[in-house]
Amino acid sequence: MFETMKQRVACTLSLALMSPLAWAADTLPEGNQPGNYPLNLQAPKSGIAEQIFNLHSMMLVVCLAIFFVVFGVMFYSIYAHRKSKGAQAAHFHENHVVEVIWTVIPFVILIALCIPAAKTVIAQKDSSNAAVTVKVTGYQWKWGYNYLDDGIEYVSALATPRDQIDNYDGKSAAKNAHYLLEVEPGTELVVPVGKKVRLLLTANDVIHAWWVPQLGVKQDAIPGFIRDAWFKADAPGIYRGQCAELCGKDHGFMPIVVRALPQADYDKWKADTKARLALAKDDPNKVWALPDLVARGKGVYEANCAACHQASGQGVPGSFPALAGSKVATGPIADHLGIVLKGKAGTAMSAWKQLSDTDIAAVVTYERNAWGNNKGDLLQPAQVKAARQ
Amino acid sequence: MSHAQDAALGHDAGHGHDDHHDHKPAFFQRWFMATNHKDIGALYLWFSFFMLFFGGLLALGIRAELWQPGLQFWKPEFFNQLTTVHALVMVFGAIMPAFVGLANIMIPLQIGAQDMAFARMNNWSFWLMPPAALLLVISFFMPGGAAAGGWTLYPPLATQFGIGMDLTIFAVHILGMSSIMGSINIIVTILNMRAPGMTMMKLPMFCWTWLITAYLLIAVMPVLAGAVTMLLTDRHFGTSFFNAAGGGDPVLFQHVFWFFGHPEVYIMILPAFGVVSEIIPAFSRKKLFGYGSMVYATASIAILSFMVWAHHMFTVGMPVTAQLFFMFATMLISVPTGVKVFNWVATMWRGSLSFETPMLFAIGFVSQFTFGGFSGLVLAMAAVDINLHDTYYVVAHFHYVLVSGALFSIIAGVYYWLPKWTGRMYDEKLGKTHFWLSTIFFNITFFPMHFLGLAGMPRRIPDYALQFSSFNEIASIGAFGFGLTQLLFLWIVVKVTFLKKGEPAAAKPWDGAEGLEWTLPSPAPYHSWDVPPTVK
């Protein structure tokens, strides 16, 4: 689990010092997730993560040493200098030499700690010479990945079914091994092992943060801005993380899964995925019939809209408006499309322009013909394409 | 007023106040139009006590949901409201008003002043708080519920909420006004109303720390007011301070917020340093070690606190030079803080120690606050912070600082001065039980959170992956224990204050205590220091 001797020593030390609790190191077979009483940082799987691990171990040892020295003195006082044992109070209340010494020594310790920390900070910020660049976009509440050199683009969302999460009646389904840390199949961020992967991060609605502990990378994704970060996975495997910046109601349900593959497998994945995505691509000029569009729209709705507006279209009173019988879903179709494409300022309704023309046409059509809305009208993808201009 | 003064001013005896020193106004006038510093202090303390229980109840709501994986009680959106309002209530409703309450009662007593400098403004500063608290409470019942963006209220998320967010902004404005007025009062009182002979370097440590805190408050409260006002205009008046699509910058809010927010955490801890600097010497029967360096350390902490705000933002993507600067500056704060801890330990060294409840809480403060300081040092390392930012490690860190730090010191201060306020000794046995239960349950609650954070559990999530379940269960058990324990504290205080049970207290119930407040009878008379004492 821990590669270097230094890590092993540091880990053992910290365990010995920090907890009387039993440590069940039942590392799960893939992904190196910690077990049930995890006591330390997750096992590092990148150079930066390893530096972070070592820095933390060093800090821990230094802090605990100071803690035991200072409070050793205090507890000796508590034991030896108690009134009940007849201790008489001494009269000193100042000593400039001592006071200067205990100002200078911590200062020196700090400088000693700062030097390795600064080296790591500088290394963390150096995202130059990357082999792969991926644009990562945070959405409420999923991640979009866009391989800038290859045109591969997809969205990654939580795979854990709702019936495992909702336990209001005490009857939830048995939970998966990677409960809340799993994404829909085929939507992991796939990267080559041992190659520098540069991430360009932004967000569509609110601030999110892309975080994979074992790779030592966490970077906020900020709407309207592009930030960058990088990582290099040391070994093939699956690395899991979560959004780390409060981003609204489903903040806890926004996992990140990275799959690191050997270069050959990565190349194969890239070719396969390109082909798969090309095949799935819709022709925006195709003319659809109402039932087909409604059927497709239902799927789009459930994947993207149901989290707020609910599968029943009833919304959450006060927070998310109902669509059943709403003015938007029964009013002019152009306004309806406008809201979906551009969002509504000052509310959680963000722009959905990242969806394809066909998906938008389908979902608008579905919303106008579901839950008793019965408008009977439909929107063709070509109209969406025109409205984007 | 003394007889001589009355005569000189030509007052006759039947003129609104009789000549008795302890004349108190009638109930309504006394408590609703209070100008007496002790009454206002008591109002502040009871208000903060009430808010402590309200905020605690919200915390138990959080811990109940986190007891097991899966969603048991709340919808995620309500969970976010719980965390947000819990934080706002604890910071602005419990900890800060409690310290202002202690300041109101104790500063005039400690410096030999008759009252606070602006007694009527003092009334205002208190009575602004209940409506603000009410706004926070009723925001839960607004369409869309209370603010749910965390106490930091980061946009653009904060611009998405409903009217509950506006009530929160309004509440923050009002609380800020109250804090500023309170601070002006404290500064003027300390600077202008000290008894003859009390030079600044003879000022009790509690007054010193509050003086510096009051300056911090005046400096940063308007910054917070500015930040939330910008948020308000972004929400309703079409501005784009924080909206990138309109040319604004969401990160600007974070800079402005933390320029307030970082000094704010020192606002909540500096008066705590003052309280324990009074208590530890008293129960060590020895003078505070290094008074001078304590004053300078407090001032340096306050000044440094303005230079480190961006250490809350290492993950927003600052340039490397900025990261290094904020890392070094942050670590530097540990030097003066260390000096303070060393001085407290040196005060106890070769003292004649006894362990009444105030001393227990003070020792609990020093050791556990220091623990929180160490985890702060770990977080100060920008590189390590990348992995720990916004995890439960941070939650553990700031609860070690704010619960076993600020709250424990407030409780220590209440036990220490309760005999002076009520004229009765509290039940020592119950007090000690309160300390031990609080300490044990506190650590059961928050110590495991260090491990949760290290292992990768993000904060502010209503549900978590399975490997986090054991420590969460432990933490939740601890939280309910800690919450119930505080009912014991309520009972102890009610018993001496309202039921008037307990041994009568001497003017100086602690034999090692020093300071002017102990030369007054217990309870301190309604109008104390008619004639200012002389300090040699």
By the gyration tensor of its Cα atoms, with a ≥ b ≥ c the square roots of the eigenvalues, what is the shape of region B:229-353: rounded for a/c under 1.5, prolate for a/b over b/c, or oblate? prolate
Give me the summed buried accessible area for the B-A pair, 1.4 Å probe, to the nearest 100 Å². 8800
Computed over the Cα atoms, what is the radius of gyration of the protein assembly as shown divided by 2.2 N^0.38 Å, N being its residue count? 1.02
Vicinal HN-Hα couplings computed from phi for region B:151-161 (Karplus, 6.51 cos²θ - 1.76 cosθ + 1.60; Hz; Gly/Pro x): 5, 7, 6, 4, x, x, 4, 5, 7, 7, 6
So, relative contact order of region A:254-389 in percent, Cα under 8 Å, 6 or more apart, is 27
Please list B:L232, A:L337, B:L499 from largest to smallest accessible area, probe radius 1.4 Å, with all protein chains kept in place. B:L499, B:L232, A:L337
If I model a spin label as a point 7 Å beyond the Cα along the Cα-Cβ vector, how far apart are those points for B:S240 and A:D169 in nm? 4.8
How far apart, in nm, are the 7 Å Cα→Cβ label points at A:I339 and B:N192? 5.9
Past 31 Å, Cα to Cα: identify those pairs from A:K175/A:K268; A:K249/A:K342; B:K24/B:K501; B:K38/B:K536, in the order given. A:K175/A:K268
Which residues in region A:287-329 place their backbone N less than 13 Å from a point set 7 Å from the Cα of A:N374 along the Cα-to-Cβ direction? A:325
Suppose we compare each residue of region B:320-366 in its chain alone and in the full protein complex with a 1.4 Å probe; which ones drop by at least 50 Å² of accessible area? B:V320, B:M331, B:V335, B:F342, B:V345, B:W349, B:R350, B:S352, B:L353, B:F355
Taking the full set of protein chains and a 1.4 angstrom probe, give the accessible area of B:T519 in square angstrom, rounded to the nearest 10. 100
Quick one: accessible surface of B:I163, probe radius 1.4 Å, all protein chains present, in square angstrom to the nearest 10. 80
Pull up the cross-link candidates among the aspartates and glutamates for A:K171, meaning alpha carbon to alpha carbon under 18 Å and not fewer than 8 places away within one chain. A:D163, B:E65, B:D463
Answer in debye to the nearest 20: the dipole magnitude of the protein assembly as shown about its Cα centre, from +1 Lys/Arg and -1 Asp/Glu charges placed on Cβ, is 820
So how much slack lies between A:A177 and A:L277, counting 0.36 nm per residue of separation and subtracting their Cα-Cα distance, in nm? 33.1 nm
Report, ordered by chain and residue number, the lysines lying within cross-link reach of A:K270, taken as a straight Cα distance under 22 Å and ignoring same-chain residues fewer than 8 apart. A:K135, A:K142, A:K195, A:K196, A:K232, A:K281
Largest-first ranking of A:V384, B:V401 by accessible area, probe 1.4 Å, whole protein assembly kept, is B:V401, A:V384
Would you mind telling me the share, in percent, of accessible area of region A:56-125 contributed by carbon and sulfur at probe 1.4 angstrom? 75
List, in order, the whole-Hz ³J(HN,Hα) value for each residue of region B:192-207 obtained from phi through the Karplus relation with A = 6.51, B = -1.76, C = 1.60 and θ = phi - 60°; use x for Gly and Pro. 10, 10, 5, 5, x, x, 8, 6, 4, 7, 10, 4, x, 4, 4, 5
With springs only between Cα atoms under 10 Å apart, run a GNM on chain A and tell me which of A:F231, A:F53, A:F68 wobbles the most. A:F68
Rounded accessible area per residue of region A:55-168, 1.4 Å, Å²: 49
Can you list, bin by bin at 5 Å, the percent of alpha carbon pairs in region B:138-240, starting at 0? 2, 12, 18, 16, 13, 10, 9, 7, 6, 4, 2, 0
Please report the antiparallel percentage of the DSSP beta bridges confined to chain A, to the nearest 5. 70
Percentage of Cα-Cα pair distances in region A:243-357 greater than 20 Å, rounded to whole percent? 59
Region B:203-280 - Debye-derived log10 I(q)/I(0), Cα point model, q = 0.12, 0.18, 0.19 Å⁻¹: -0.46, -0.72, -0.76
Cross-link reach from A:K83 to aspartates and glutamates, straight Cα distance under 18 Å and at least 8 residues apart if same chain, gives B:E356, B:E428, B:D511, B:E514
Computed FRET efficiency, Cβ-Cβ of A:F107 and B:E428, R0 41 Å: what is it to the nearest 0.05? 0.45
Radius of gyration and Dmax for chain B's Cα atoms, expressed in Å? 23.4, 79
Alpha carbon convex hull of region B:424-536, volume per residue in cubic angstrom: 189
How much accessible area does A:K353 have with a 1.4 Å probe, in Å² rounded to the nearest 10? 120
log10 I(q)/I(0), Debye, Cα-only region B:494-536, no solvent, q = 0.33 Å⁻¹? -1.17
Between B:L490 and B:T519, what length comes free when the chain is fully extended (0.36 nm per residue of separation minus the Cα-Cα distance, one decimal in nm)? 7.6 nm
Shielding of A:45-51 by partners, i.e. mean partner chain Cβ atoms within 10 Å per residue? 1
In deg cm²/dmol, rounded to the nearest 500, the helical mean residue ellipticity at 222 nm of the protein assembly as shown, built from -39500 (n - 2.57) for every DSSP H run of length 4 or more, is -17500 deg cm²/dmol
Quick query: amide H of A:Q242 versus all other amide H atoms, modeled in the peptide plane; which residues come in under 5 Å with a sequence gap of 5 or more or a different chain? A:W211, A:I256
Cα-based Rg/(2.2 N^0.38 Å) for chain A, rounded to two decimals, is 1.30
For peptide B:387-400, what's the mean number of Cβ atoms from other chains within 10 Å of each residue's Cβ? 3
Solvent-accessible ranking of B:K500, A:K385, B:K429, largest area first, probe 1.4 Å: B:K429, B:K500, A:K385
Shielding of A:205-212 by partners, i.e. mean partner chain Cβ atoms within 10 Å per residue? 5
Rounded to the nearest 0.05, what FRET efficiency do B:F73 and A:I122 give with R0 = 35 Å and r taken as the Cβ-Cβ distance? Could you check? 0.15
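The values are calculated or read from the model by the stated rules, or taken from the named source; none is laboratory data. Worth saying up front: this structure is predicted, and the values here are computed from it rather than measured. Neighbour counts run over all protein chains shown; Cβ positions are idealised from the backbone, glycine included. Ligands, DNA and RNA are excluded from the accessible area calculation, which covers all protein heavy atoms including side chains. Shrake-Rupley method; radii C 1.70, N 1.55, O 1.52, S 1.80 Å.
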